[in-house]
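The values are calculated or read from the model by the stated rules, or taken from the named source; none is laboratory data. Quick caveat: nothing in here was measured; it's all calculated off a predicted structure. Here the Cβ is made from the backbone with ideal geometry for all residues, glycine too, and neighbour counts use every protein chain on show. Heavy atoms of the whole protein, side chains included, go into the accessibility calculation; ligands, DNA and RNA do not. Shrake-Rupley method; radii C 1.70, N 1.55, O 1.52, S 1.80 Å.
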Amino acid sequence: MKNRTPVCASLLLALSAQNAFGADLAIATSTSDKTEYKAEDFAQFAPRTALDIVRRIPGFSIDSGSRGFGQASGNVLINGQRVSGKSNDAESVLGRISTVNVNKIEVLDGTALGIPGLSGQVVNVTTRDSGGVSGTWHWKVRSRENLRPTYNDFGVTVSGQRGALSWAIEAESDPERGASAGPERVTDGAGNLIETRKEDFTHDAEAASIAGSLAWKPAGGSVANLSAKFAAYQPDDKEVSKFFQTGGPIGRRLFQGSEDETNAEIGADYEFGLGPGRLKTIALVRREDSPTVDRVLRGNLDGADVSESVFEQSVEEGEYILRSEYAWVPSVGRNWQVALEGAFNYLDAESALFRSTGGAPLVELVLPNANSRVEEQRGELSVTHGRVLAPNLNLQVLLGVEMSELSQSGDAENVRTFTRPKGFTSLSWQVDPTFQLVTRLDREVGQLDFFDFVSSVNLNQGNGSRGNSEIVPEQAWKLSVTAEKDFKDWGAATLTVFGSDIEDIVDRIPIGTGDGPGNIDSAWRVGVDLDATLKLAKLGMSGTELTFGGEWRDSRVEDPLTGIERPINGSNIYYLDAELRRDIPRTDWAVGVFLESHNGNPEYALNERLHSGNQPPFSYAYVEHKDLLGMTGTFVVGNILDQHDWLRRDIYNPDRLGTIVRSESRTRHFGPIFTFELHGTF
């Protein structure tokens, strides 16, 4: 059973040494309510970790955050603090906290916490020392058509605490298997069939990681955290195609793609009292190395028209962030924070394209702007002020400025500097104990994808992308309104409506004789997000609930080639998922069904239009036993509606202002998926 605890005005940052910026979280609000859960409230789901619990909070979904550590930094706190990591993010940390170590879970008003970037619902997970060492583990076996089963999908987490020091370590193997097969038709501009293909695609990847964390919280009020993660990812893709030309020879085509990615991340933070407030320093180092090799072989069965193409790319990436925050509370109902952040990011890419015909040796082709190093030096200064305007009204304002230098060397040489204002205003109104409205206005500065600066080739599609050394970060004004409603025994829902006015949006533009990523002056985007939980016990279905997550998007930008308005390139139209679960009363059994559907807009290139998707919705059904010799066992049958993938690609001459000269359309099925999974604790 959950408890709703009113927070009176006298609690507002009353403990100045343990305020919203300090070692323990105090609620910077007045009569606004918080919702508090215990781990026992989720016993029907037999959760093994804090992540299992948070995923079941009605009307809530996890947002891991984005650029830097300041503005827009997620919606999950651990013991009142943000997680100082990116790949080693809040979801990862929650997954390493055993249920026995969860003291309570609070759903709070982010605007009232005095932590920059937080608004709307924020979950704070408070841990406890359960004594000794505890751990969780999971193991999964998966089988599907025409693929070897996976037996090495597993994870182990061990954690413990002794006095002021707590620790956790996790090792995980997460292999991937995928396959689809089906026909493809190729027609000319008049719709005449010129080629048919029988295609078979497989994806086989091994992924493994090891991660750990240390937390130190002595009696004096200081707090220190250290986390690290190392991961490896090795995918291998293969597509075999048998093609039959109308009135021509029969042939074969083979595509192979591989990557050998390794990445590492270390994050740390230290917080202590200083003068009238508290000083916190956060540091992050992330490195990644990802060499890739793609190869296409093609030829007719009679030995004619033989060709081979190879694209090799080696990429090194790095990110270094250092941030300091000083926060103080001059009086009850008011708080301030001054923050300074510096970052250095880089990408170093070396690429080469080779081709041969008629069985001759491979010859390297010219690929402009394919070997380059891109660097960004960025500094950010911000001031945040939060205050209680009324017993049920909280305001937070952040004013900041971002200064950056972008430089590129190698095949393209360029150095540019930018100064961009950023910030937000967030106003939360607790209409009544069960209903809250949050209005937020953001000035956003986008994060550039450094791969956009470097040319690349897609051998499987037979096209490429020109690197653009003149690309700039996009900016936007974004206005959002969020309504959060607790329906008590019926569940809860969170609805967000937003609109964005975007400057310098990154889309696809003509570059020289080709095309690639670039800026378009303006665009707009609107959307709606919904997270909801409906509990059906009041209808006589005890232990049954329906959870729903959905989003809808619309957007417009002027096409740089045609001058006609269209949706933003490749943007989403909608996404939805729904789960109906029944935990059968007075038993350890549960059953459920899940459904997921999404649709997106076409992708536009200089001389192509590509649209892909899948139908009908992906779905699975499962049966679960929550005490299988002390473990939780789940059997899942996936793709019960027989979803298939589809693709339509139109090629124009000389570009999309001309006529269609070739069209490719395909459908691929991937069959049922069977999974058996065990979860346990020790």
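Split the accessible area of the range 515-665 by element, probe 1.4 Å, and carbon with sulfur accounts for 56%. As a length-normalised measure over Cα pairs under 8 Å and 6 or more apart, the relative contact order of the range 552-598 settles at 31 percent. Evaluated on the range 461-536, the Kirkwood hydrodynamic radius is 15.6 Å, with distances taken between all distinct Cα atoms. Reported value for the range 522-588: 89 Å³ per residue, from the convex hull of its C-alpha atoms.
Normalised by the number of residues in the range 202-304, the mean separation of alpha-carbon contacts (under 8 Å, six or more apart) gives a relative contact order of 26 percent. Could you give the Stokes-Einstein D for the range 479-604 in µm² per second, using the C-alpha Kirkwood radius, 25 °C, 0.890 mPa s? Stokes-Einstein gives a translational diffusion coefficient of 140 µm²/s. With r defined as the distance between the Cβ atoms of Leu657 and Ser522 and R0 fixed at 30 Å, what FRET efficiency is calculated, to the nearest 0.05? It comes out at approximately 0.85.
With N counted as the residues of the chain, its alpha-carbon radius of gyration over 2.2 N^0.38 Å works out to 1.03.
Across the chain, the longest piece that holds none of the GluC sites (Glu not before Pro) lying in DSSP loops with up to 14 other C-beta atoms within 10 Å covers 146-412. Legend: residue pairs Lys485/Lys538; Lys34/Lys488; Lys422/Lys478; Lys485/Lys535; Lys104/Lys229; Lys86/Lys485, Cα-Cα distance threshold 23 Å; pairs beyond threshold, Lys104/Lys229; Lys86/Lys485. Rounded to the nearest whole Hz, the Karplus-based 3J(HN,Hα) values (6.51 cos²θ - 1.76 cosθ + 1.60, θ = phi - 60°) of the range 281-297 follow the sequence 10, 10, 9, 9, 10, 9, 9, 8, 10, 9, x, 10, 9, 10, 9, 10, 10, with x at glycine and proline. Among the chymotrypsin sites (Phe, Trp or Tyr not before Pro) found in the range 271-352, not one is both in a DSSP coil and sparsely packed, with 10 or fewer other Cβ atoms within 10 Å of its Cβ. Per residue, the Cα convex hull of the range 433-489 amounts to 154 Å³. Calculation over all alpha carbon pairs of the range 300-395 in 10 angstrom steps from 0 returns a P(r) of 12, 21, 16, 14, 12, 10, 8, 5, 1 percent. Projected onto the charge dipole of the chain (+1 at Lys/Arg Cβ, -1 at Asp/Glu Cβ, origin at the Cα centre), which of Leu610, Phe453, Thr281 gives the Cα projection farthest towards the positive end? So the residue we want is Thr281.
The range 560-682 has equivalent-ellipsoid semi-axes of 45, 15, 11 Å, by the square roots of 5 times the alpha carbon gyration tensor eigenvalues, sorted largest first. Dividing the convex hull volume of the alpha carbon atoms of the range 314-472 by its residue count gives 153 Å³ per residue. Considering only alpha-carbon pairs that sit under 8 angstrom and 6 or more positions apart, the relative contact order computed for the chain is 10 percent.
Think of the chain as having a plus end and a minus end, set by charges on the Cβ of Lys, Arg, Asp and Glu; of Val156, His203, Ala537, Ala537 sits farthest toward the positive end of this dipole. The fraction of Cα-Cα pairs per 10 angstrom bin, counted from 0 for the range 631-682, comes to 19, 24, 19, 16, 12, 8, 2 percent, rounded to whole percents.
Placing unit charges on each Cβ (+1 for Lys and Arg, -1 for Asp and Glu) gives the chain a dipole about its Cα centre, and among Ala360, Trp139, Ala483 the Cα reaching farthest toward its positive end belongs to Ala483.
First obtain the Kirkwood hydrodynamic radius of the range 186-339 from its Cα pairs, then insert it into the Stokes-Einstein equation at 20 °C and 1.002 mPa s, and state the resulting D in µm² per second as a whole number. Approximately 102 µm²/s, per Stokes-Einstein.
Think of a 1.4 Å ball rolled over the protein heavy atoms: the chain then has 44 Å² of accessible area per residue.
Each eigenvalue of the Cα gyration tensor of the range 126-242, multiplied by 5 and square-rooted, gives one semi-axis; in descending order these are 50, 17, 10 Å.
Couplings for the range 616-629, taken from phi via the Karplus curve 6.51 cos²θ - 1.76 cosθ + 1.60 with θ = phi - 60°, read x, x, 6, 8, 8, 10, 9, 10, 9, 10, 8, 9, 8, 6 Hz in order; Gly and Pro are left as x. With a 1.4 Å probe rolled over the protein heavy atoms of all chains, the accessible area of Val125, Val431 falls in the order Val431, Val125, largest first.
Within the chain, DSSP assigns beta bridges of which about 100% are antiparallel (rounded to the nearest 5). Compared with the direct C-alpha span, the chain from Leu628 to Thr513 gains 35.1 nm at full extension, assuming 0.36 nm per residue. The phi torsions of the range 393-410, fed into the Karplus equation with coefficients 6.51, -1.76 and 1.60 and a -60° offset, translate into couplings of 9, 10, 10, 9, 10, 10, 10, x, 9, 10, 10, 9, 10, 9, 10, 9, 9, x Hz, rounded to whole numbers, with Gly and Pro shown as x.
Once divided by 2.2 N^0.38 Å, the Cα radius of gyration of the range 306-350 becomes 2.45. The fraction of accessible area contributed by carbon and sulfur in the range 175-275 is 60 percent, rounded to a whole number (1.4 Å probe; ligands and nucleic acids excluded).
The magnitude of the dipole of the chain, with charges of +1 and -1 set on the Cβ of Lys/Arg and Asp/Glu and taken from the Cα centre, is near 1980 debye. Put the Cα centre of the range 253-319 next to the Cα centre of the range 183-248 and the gap is 12 Å.
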